[in-house]
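The block underneath contains the structure these notes are about, expressed in structure tokens.
The values are calculated or read from the model by the stated rules, or taken from the named source; none is laboratory data. The structure displayed is predicted, hence computed values, not measured ones. Here the Cβ positions follow ideal geometry from the backbone for every residue, glycine too, while neighbour counts run over all protein chains shown. Accessible surface areas use protein heavy atoms only, side chains included; no ligands, DNA or RNA. Shrake-Rupley method; radii C 1.70, N 1.55, O 1.52, S 1.80 Å.
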Amino acid sequence: MFQNIIARKPCSKLVDGLTTSSQLGRPSFEKALLQHARYLEALQECGCNVEVLDANEAFPDSVFVEDVAVLTPKVAVITRPGAKSRVGEIDLPDLHVAIYNYYRDRGVEEIKHPGTLDGGDVLMVGDHYYIGLSSRTNQEGANQLIAILNKYGMSGEAVQVPESLHLKTSVSYLGNNTLLGWNEFKELEPFKKFAFITVDSLDELYCANSVEVNGTIIMPANNPHTKAKLEGQGLKVREVDTSEFQKLDGGVSCLSLRF
Ligand code: CIR
């Protein structure tokens, strides 16, 4: 059950954000603002209280707030993003104030140099966390997070991410022991014990990044084949258009911290 959301408004420098998907073109800031607002409405509809931090023009990618923290039921962990242009996002005072407000009676920890870790690499399945080793998250970052999780009575394990930005770019947890993801992730040892819904249309790989929020699967719009598959399994789906964030390799999970 998620009660709270922390998000950050897109800044106008968003159009200069990091991307490996430049063939999709540059995002429109106006459209991104609108899509972001609708995305937050969807989370509210799922019963979440939404706190929105101000846009920060110094950090084009700061709308992807998922990467700067891992918020578990027992402890908040401020990460250390693996992209140089994003490391400063973890020092933004409003982020710390927001997290502290919720976690003052629990723990607040941080990933330290030389560890790097992006929240997009952290897949929560109950009390267990799969941590993707990627171009952003290194073994040291994963080890530090596992040690923190252990300290608070939880567990984690590292998973090598085959060719995608983050672990959650390609695989999402939908609840009920079920993962949604790219076919090659189904074969990874740690994921063999899950029921696995494969995104099998190549046009729809983007929707492997979806989020389950209080019984609703929030997924990116325009992925009809996968949507039908989810609905066919009795799952409730809510689509949101995140096309402008897709142009920056960001999906529905990246735009919020859910806890
Ligand atoms: C980046 O490259 O860092 C951003 N343009 C996209 C971050 C996406 N975040 C996520 O998957 N959690």
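A few points about this structure:
- Lys74 being in contact with a Lys or Arg (Cβ under 9 Å, 6 or more places away or on another chain) and either open to solvent by 10 Å² or more (accessible area, probe 1.4 Å) or free of Cβ contacts under 8 Å to residues at least 40 places away in the same chain (or both): yes
- Subset tally (residues that are of a type in the set (Val, Ile, Thr) and closer than 20 Å to Asp16 by Cα) for the stretch 227-259: 2
- Just one of (1) within 16 Å of the ligand (Cβ to nearest atom); (2) part of a strand (DSSP E or B) fails for Leu255. It is (2).
- Taken together, the criteria exclude Ser201 from residues that are within 30 Å of Lys112 (Cβ to Cβ), more than 16 Å from the ligand (Cβ to nearest atom) and open to solvent by less than 50 Å² (accessible area, probe 1.4 Å).
- Test: residue in the stretch 183-190 that is closer than 26 Å to Asn4 by Cβ, open to solvent by 50 Å² or more (accessible area, probe 1.4 Å) and of a type in the set (Asp, Glu): no
- From the options Arg26, Arg80, residue that is in contact with a strand residue (DSSP E or B) (Cβ under 8 Å, 6 or more places away or on another chain) and open to solvent by 20 Å² or more (accessible area, probe 1.4 Å): Arg80
- Residue satisfying all of: in the stretch 42-63; in a helix (DSSP H, G or I) and more than 16 Å from Gly251 (Cα to Cα); least open to solvent (accessible area, probe 1.4 Å) among these: Gln44
- Counting the residues of the stretch 194-233 that are in a helix (DSSP H, G or I) and within 16 Å of the chain's Cα centre (by Cα) gives 4.
- Looking across the stretch 231-252, the residues that are of a type in the set (A, V, I, L, M), within 16 Å of the ligand (Cβ to nearest atom) and within 13 Å of Cys207 (Cβ to Cβ) come down to Val240, Val252.
- Residue within the stretch 34-51 that is of a type outside the set (Asp, Glu), over 27 Å from Gly175 (Cα atoms) and away from the ligand (no atom under 16 Å from the Cβ) present: yes
- For the stretch 91-110, the criterion of being in contact with a Leu (Cβ under 8 Å, 6 or more places away or on another chain), open to solvent by 10 Å² or more (accessible area, probe 1.4 Å) and of a type in the set (Asp, Glu) is satisfied by at least one residue.
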